[in-house]
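Heads up: the structure comes next, in structure tokens.
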Amino acid sequence: MDVAGSILSFSFYEGLVFGLVAIGVYLTLRVLAFPDLTVDGSYTLGGAVAAVLIVAGVNPFLATLAAIGAGFCAGLLTGILNTKLRIPALLAGILMMVGLYSINLRIMSGANVSLLREVTSFDIIANLFGMRGGSIAVSIILALAIAAVVFFALNWFLRTEIGLSLRATGDNEQMVRSLGGDTDKNVMLGCAVSNGLVALAGAIVSQGQGFADVGMGIGMIVMGLASVIIGEALFRPKGVTWLLVAAVGGAFVYRLFITIALRMGMAPGDLKLITAVLVVIALAIPYIRKKARREWIPPAVRW
Amino acid sequence: MKKGIIVMLGLCLILLAASLPVFSGCDNNEEMYTVCITQIATHPDLDNNRQGIIDGMAEMGYIEGENVEFVVRNAEGDMTSAASIAEYFVSLNPDIIQAITTPTAQTVVAAAEGTDIPIIFSSVTDPVTAGLVPSWTEAGATVTGVSDWFEMTPQVELILSVLPDVQILGIAYNAGEVNAAVQAAEFKSAAADFGLTVVEATAASTADVYAAGMSLVGRCDAVWIPTCNTVGGVGIEAIIQVGEENSLPVFGSASGMISTGLVGGCSVDYYWVGLQAGYMAARILDGEDIAGIAPIKAAVSTILYPASATRMGVTIPQAALDSVDIIMTD
Amino acid sequence: MSAENLLQLKKINKVFSRGTVDEVKALNNINLEVKAEDYITVIGSNGAGKTTMLNVVGGVFPPERGGKIVVADVNVTGLSEYKRAAYVGRVYQDPNIGTAAKMTIEENLAMAVLRGKSRGLRAASNKQLREEFREALAPLKLGLENRLNALVGTLSSGQRQAVALVMATISRPSLLLLDEHSANLDPRTAQIVLELTEMIVKREKITTLMVTHNMELALRYGNRLIMMHEGRIVVDLNHEQRTGLTINDLITAFERASGSKFNEDELLLRG
């Protein structure tokens, strides 16, 4: 496959998978106005749970579902820490992230679980279509199928009565309470769903890369935040559907930059600086343009 | 919305345009072999490994620039980057992929599944548990390599030869690194055979190394560091500082970390490991089938570094100095 | 519903910052019986306890031990705010509190329609509901029924408050609490909102408590007038007693009942 095609297809795959992380971060950060740092821990949790179950002989798809469940529980716990124990959101997420590191080590009985000798979801799909297991086409088919299901499920869910109540909680919590909505439950549900999605991403990645490792989640929250912010800056989405598209689109663009830079031989250390610069440019351009046209610029948001 | 779609399309077009001139150099030439090397982090032992590969292949007639092109990438500790690098390498369809350390080897094997690209790993402590090869004596269909596994008994014996009265040993490592965790467990059981007890301190990242080191002061008589990228690689300076400030002797398990300033240790020679990986690659390029090349364990040499020992408050007995393979100097 | 008391407040006290230098008794032995379909206007100076009383009825904070709140024969004293919402609708002084800025008018109303009901996985809005929303918004004569997809944040204060009023009443709560809901609006919009309130309250027969600073409004609307001072109800006039009263009469009544000189310029100036 030619180089450009290879870069695009790999970034497409990564955009879909990390798009799940971006959607998860978007659900908590933007919809619920809850900055949730559990992500680094729940991503690894998803990978660890899926890997351990697959090695134990469980069907890889069931193992992936179990991983979602594990992430769901982790998010639920974060929500409980915040709503019932009154621990500030930021701190609750950090505590969970730190605690999950040890829990993940325990789950994997060590730092790393190898999946190279196991049959993973990727292998099953490859056999179904008669392709080789490591090929990018298989990865994209799997990621696309999962992302599509998640997309439609969330699109539906956020328009239901509960989903609407969840969105309103991030917008005006006081109002939701005076309209009879249980905001505590909303926060817990939102965090749970979000971390379930992130764990799903971790489960997919661990099966694709051939192992689960306790360090695989480090930096995921940054990736999710960057994707959400880039997506918002580029797409200016209005309405639930476009917001979901923007999250995935932002992840795609972010991973595209990284993939290009890596292939050009840039050191990942420099890479981080360059992506930071790119995000700054992406965000600053609209305001610089506004300033040039002497238009009114709204005050800076905190996050 | 529109702006986003325009930007994305624009990026794709730029890519397609740029792909031709910049990247065409990677086409597989008749005479030029392509060898891809992926490394997980930067520190002396892994760097020696990489250099060994290049030198080993050169010794066998595969010289960089003449008939071999090396594509080298370093993931700098980021797992996601390692996966991206693996994917990239596979897309280049090279003649050989050299993977240094366990996580990079695992991602390369996963990405190359279904292809027949020969993969050679080096500095992987336990390739069997990692799923790279079926057993210590058989290669995988497309995978073989050089392990840096070593026996622990000689390590303990060396420590005892320098400090015969030692009772309690301490280990500092990153529990999140599978290599290090395996070695720590092995070391504990070997030490128990000599009637010694072992205490542990773990560091989850380089930021925690100094604290881990300090927590061992007063709890043990001497410290041993496994081949851990975090503590023994990137963070070794902090441990040396702890040892020198508190007169706590520190022993290591790799020549790179020992040469930075430890009392001594048994080391796999990582340069030697790289050389072996390079020889294996040469054999495959010469036409040998990779499935027939069994994985090998590295040889171990004993090292002592008297000047460091003095800085850590220890004088090495002459008898010990006489029986080691290598004596390092400043 | 038995005896006509829709709302009963018994021995309601509320103390803030108990035990500190700032301790204040915001509500002092409030006892109130509100009949169904009463439209009570509540006036008093700042710090009289009007908003605190509304907050206690609404469930924002509980009364001191021994106090009891009964709405439509249900003892709601122990219910938290969101559980009490089934019985109580509120419109706040600040239009930003009653509505969600980043959601559309349709979505806000969809939230409001489910007040007090359990929320499930049904679609939040459908054609039938949209028709209902349009019918509810049309009488406002602000054109909002044609702008269901507009973000509430793009509306003016007056329009937002009108939406908030519709949101508070669309689910026909047993009790409606209005906390100076026209105070932040320009005179014309305030007029529209107040007339609307009157119309909705009469049409849906909702029992209403309206807090206001404005004595003239207090006399113009409603069928009962309560005046509060320092946490107590000092004046309680039913319909006959109120009719024909002027502001000066009110002041006299206050001074007689509370035993202190009336010197609240604010109330006078606003009148």
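Just a few scattered comments:
- Any hit, region C:118-135, residues being in contact with a strand residue (DSSP E or B) (Cβ under 9 Å, 6 or more places away or on another chain) and either farther than 21 Å from A:Leu158 by Cβ or of a type in the set (Phe, Trp, Tyr) (or both): no
- The single condition among (1) over 22 Å from the mean Cα position of the chain (by Cα); (2) surrounded by 21 or more Cβ atoms within 10 Å (Cβ to Cβ) that A:Val138 does not meet is (1).
- Enumeration of residues in region B:306-321 that are farther than 15 Å from B:Leu160 by Cα and out of contact with any Pro (no Cβ under 6 Å at 6 or more places or on another chain): B:Pro306, B:Ala307, B:Ser308, B:Thr310, B:Arg311, B:Gly313
- Counted residues, region A:88-114 - those being among the hydrophobic types (A, V, I, L, M, F, W, C) and open to solvent by 40 Å² or more (accessible area, probe 1.4 Å): 8
- Here B:Val273 passes the criteria (1) open to solvent by 10 Å² or more (accessible area, probe 1.4 Å); (2) in a helix (DSSP H, G or I) except the one numbered (1).
- Selection of first residues in region A:112-136 that are closer than 11 Å to A:Ser206 by Cα and of second residues that are hydroxyl-bearing (Ser, Thr, Tyr) and open to solvent by less than 20 Å² (accessible area, probe 1.4 Å), restricted to Cβ pairs under 9 Å at least 6 apart or on distinct chains, gives the following pairs, ordered by first then second residue: A:Asn112/B:Thr102; A:Val113/A:Ser206; A:Ser114/B:Thr102; A:Leu115/A:Ser206; A:Thr120/A:Ser206; A:Ser121/A:Thr64; A:Phe122/A:Ser139.
- Sole exception among (1) of a type in the set (Val, Ile, Thr); (2) assigned to a helix (DSSP H, G or I); (3) free of Cβ contacts under 8 Å to residues at least 60 places away in the same chain for B:Ile303, by number: (2)
- Residue match in region C:185-200 (condition: in contact with a Pro (Cβ under 9 Å, 6 or more places away or on another chain) and more than 25 Å from A:Ala168 (Cβ to Cβ)): yes
- Positions within region C:98-130 being touching a residue at least 24 places away in the same chain (Cβ under 8 Å), within 7 Å of chain A (Cβ to nearest Cβ) and farther than 12 Å from A:Gly181 by Cβ, in sequence order: C:Gly98, C:Thr99, C:Ala101, C:Lys102, C:Met103
- Considering residues of region C:135-152 that are free of Cβ contacts under 8 Å to residues at least 24 places away in the same chain and closer than 17 Å to C:Thr197 by Cα only, the residue least open to solvent (accessible area, probe 1.4 Å): C:Ala138
- Matching entry among A:Leu273, A:Leu278 (being open to solvent by 60 Å² or more (accessible area, probe 1.4 Å) and modelled with pLDDT of 70 or more): A:Leu273
- Qualifying positions in region B:62-89 - more than 15 Å from B:Gln51 (Cα to Cα), more than 7 Å from every other protein chain (Cβ to nearest Cβ) and either within 22 Å of the chain's Cα centre (by Cα) or of a type in the set (Ser, Thr, Tyr) (or both): B:Gly77, B:Thr80, B:Ala82, B:Ala86, B:Phe89
- Those residues of region C:38-82 which are away from chain A (no Cβ under 14 Å) and charged (D, E, K, R), in sequence order: C:Asp38, C:Lys50, C:Glu64, C:Arg65, C:Lys68, C:Asp73
- Those residues of region A:172-197 which are of a type in the set (Gly, Ala, Ser) and more than 7 Å from chain C (Cβ to nearest Cβ), in sequence order: A:Gly190, A:Ala192, A:Ser194, A:Gly196
- Tally of residues being more than 18 Å from the chain's Cα centre (by Cα) and without any contact (Cβ under 8 Å) to a residue 12 or more places away in the chain across region C:52-95: 2
- Of all residue pairs spaced 6 or more apart or on separate chains, those with beta-carbon atoms under 6 Å, a first member in region A:256-282 that is facing chain B (nearest Cβ under 9 Å) and a second member that is at pLDDT below 75 are A:Phe257/A:Thr275; A:Phe257/A:Leu278.
Each row is one residue, and each column tells you yes or no for (1) farther than 30 Å from C:Ala100 by Cβ; (2) free of Cβ contacts under 8 Å to residues at least 24 places away in the same chain.
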position	(1), (2)
A:Leu154	no, no
A:Ile162	no, no
A:Ser165	no, yes
A:Gly180	no, yes
A:Val187	no, no
A:Cys191	no, no
A:Leu200	no, no
A:Ser206	yes, no
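- Boolean, A:Ser121 is more than 21 Å from the chain's Cα centre (by Cα), within 14 Å of chain B (Cβ to nearest Cβ) and surrounded by 21 or more Cβ atoms within 10 Å (Cβ to Cβ): no
- Failed condition for C:Arg160, given (1) within 10 Å of chain A (Cβ to nearest Cβ); (2) part of a helix (DSSP H, G or I): (1)
- Cβ-Cβ distances below 7 Å connect the following pairs, each with a first residue in region C:26-48 that is open to solvent by 10 Å² or more (accessible area, probe 1.4 Å), a second residue that is of a type in the set (Phe, Trp, Tyr), and a separation of six or more residues or different chains: C:Ala26/C:Phe16; C:Tyr39/C:Tyr221.
- Candidate set from region A:203-255 (those that are of a type in the set (Gly, Ala, Ser) and away from chain B (no Cβ under 11 Å)); member that is surrounded by the fewest Cβ atoms within 10 Å (Cβ to Cβ): A:Ala226
- Among the candidates B:Gln106, B:Gln98, residue that is modelled with pLDDT of 90 or more and away from chain A (no Cβ under 11 Å): B:Gln98
- Residue match in region A:256-269 (condition: touching a Pro at 6+ places or on another chain (Cβ under 6 Å), part of a helix (DSSP H, G or I) and open to solvent by less than 40 Å² (accessible area, probe 1.4 Å)): no
- Any hit, region B:195-212, residues being open to solvent by less than 40 Å² (accessible area, probe 1.4 Å) and in contact (Cβ under 8 Å) with a residue 60 or more places away in the chain: no
- Residue in region A:151-159 that is open to solvent by 20 Å² or more (accessible area, probe 1.4 Å) and within 14 Å of chain B (Cβ to nearest Cβ) present: no
The values are calculated or read from the model by the stated rules, or taken from the named source; none is laboratory data. Keep in mind the model is a prediction, meaning the values are calculated, not measured. So basically every Cβ, Gly included, is an ideal-geometry build from the backbone, and we count neighbours across all protein chains shown. With ligands, DNA and RNA removed, areas are computed over all heavy atoms of the protein, side chains included. Shrake-Rupley method; radii C 1.70, N 1.55, O 1.52, S 1.80 Å.
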